[in-house]
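Asker: Before anything else, here's the structure in question.
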Amino acid sequence: MTVASGHEPALDARDVYVRLGGAPILHGASLRVDRGQLVALVGPNGAGKSTFARAAAGILRPARGEVRCMGHDVRRTRGRRLARLRAFVPQRPRVPEGITVAEAVRIGRSPHLRPLARATRRDRDAVERALERTGTARFAHRRLTTLSGGELQRVQIAIALAQEAPLLLADEPTSQLDLGATVSVARLLRNLAEEGLAVLLVVHDLALAAALADEVVVMSDGRTVASGEPREVLAPDRLREVWKVEARLDADEAGHTALRVDWLGAARELEGELR
């Protein structure tokens, strides 16, 4: 397969519209991710982030708009060919019974295997690299159903890396993890971007997005409303407009971030509205 020129963005989604069950979910969503870049997609619940990620991955078909991965139109690129261009880490992965970590990661390599053909040395090396890169080789013999949330998320990323696709889309990979597991997965995603992978991260945690991302894209009501450097995009006025809270993002050059929220003021305002 011929991969598009390196000058092409890894992902270029423009003016995407999606309807689910007859209801409009996305109506004007756009973003771009280049190789070696980590872009965080943020927004309140119901903004359409996961729908946008699935449309960008070619899992959902847009009603309007264009999505191109490495220069290829995802609507016309399906199956194994699409899997070689992008890897998708779902928010709630299915965990089959009786499958070990190593077996699951080998399944991730399937886009490169011909039907009924045996794995080559290159395929085995790709699986081993994915296991080592994600720190999952040490429990490769364990069944998926015995893993913690953090371990399972690392396995999902290993499955994606075994595809050797230039674009990784991860939908809320830290949403159910404790602090230590979140930091571990975050560092892994940041390192992957620095090694040249294009990474689109859907995330709720704005402080985490600011620490990791080269660029933040904000969604609200099915549209992208802002994109740019985290400190500029996640300014107090936008937090107030999109999330309806008084808050500010504190970040330093060392990568420490914190979201300062007026919790009690927001609670009192909500209490007044409910009376």
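Throughout, read-outs are computed from the coordinates displayed, never taken from laboratory work. Computed from a predicted structure; not experimentally measured. Here the Cβ is made from the backbone with ideal geometry for all residues, glycine too, and neighbour counts use every protein chain on show.
Asker: Kindly work out what percent of the DSSP beta bridges joining two residues of the range 11-205 are antiparallel, to the nearest 5. Walk me through the numbers before you get to the answer.
Answerer: Details: 16 of 29 bridges.
Bridges in the range 11-205 are about 55 percent antiparallel.
Asker: How do Phe52, Phe88 line up, fewest other C-beta atoms within 10 Å first?
Answerer: The fewest-first ordering by Cβ neighbours comes to Phe88, Phe52.
Asker: Something else: Step through the residues of the range 11-26 one at a time and calculate ³J(HN,Hα) from phi using the Karplus curve (6.51 cos²θ - 1.76 cosθ + 1.60, θ = phi - 60°), rounding each to whole Hz and writing x for Gly and Pro.
Answerer: Rounded to whole hertz, the list is 9, 9, 10, 10, 6, 7, 10, 9, 10, 10, x, x, 9, x, 9, 10.
Asker: Helix by helix through the chain, keep the DSSP H runs that span 24 Å or more along the axis on Cα and average at least 0.5 on Kyte-Doolittle, and give those back in order.
Answerer: The answer is none, since no helix passes both cut-offs.
Asker: Would you mind computing, in nm to one decimal, how far apart the modelled labels at Arg240 and Arg143 are, each placed 7 Å from Cα along Cα→Cβ?
Answerer: Each label point lies 7 Å from its Cα, and together they span 5.5 nm.
Asker: If you don't mind, another one. Modelled label-to-label distance, Ala254 and Glu103, 7 Å Cα→beta-carbon offset: nm?
Answerer: Taking the two extended label points, one gets 4.6 nm.
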